[in-house]
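Before any comments, here is the structure.
None of the figures in this text is laboratory data; all of them are computed from the coordinates on show. Please read these numbers as outputs of a predicted model, since none were measured by experiment. Glycine gets a Cβ as well: all are built from the backbone with ideal geometry, and neighbour counts include every protein chain shown.
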Amino acid sequence: MGVFAAMSLIALLQVPALVRKKMWRELTAFCLIWLFATVYAALVAAETPIPPAAEVFISVFSRLGLAKFLK
């Protein structure tokens, strides 16, 4: 529950300023990163086993046929 409270506080502080300044690209980037961070933090808090980030990137890039860019 603490994870969601902390992440909500971060969003409540950042989103209004970005909307007020009409920084739509930054708002989109913030929302995507915030969503990823929230899911990751919730999984860590729930002690869910998570593969290392490098393995995830390699898997995704390989499936997209972009593995050559990782070397």
inquiry  = Helix-only estimate, please: 222 nm mean residue ellipticity of the chain, summing -39500 (n - 2.57) across DSSP H runs of length 4 or more and dividing by its residues, to the nearest 500.
reply    = -24500 deg cm²/dmol
ask   = Quick one: putting +1 on the C-beta of Lys and Arg, -1 on the C-beta of Asp and Glu, what dipole do you get for the chain around its Cα centre, in Debye to the nearest 20?
value = 440 debye
Distance (nanometres) between label positions extended 7 Å along Cα→Cβ at LEU35 and PHE4 = 1.8 nm
request  = With a bin width of 5 angstrom, please list the P(r) values of the chain as percents of all Cα-Cα pairs, from the 0 bin to the one holding the largest distance.
outcome  = 3, 14, 17, 16, 15, 15, 12, 8, 1
ask   = In whole Hz, what ³J(HN,Hα) sequence does the stretch 7-20 give by Karplus (6.51, -1.76, 1.60; θ = phi - 60°), x for Gly and Pro?
value = 5, 5, 4, 4, 5, 5, 7, 8, 4, x, 5, 5, 5, 4
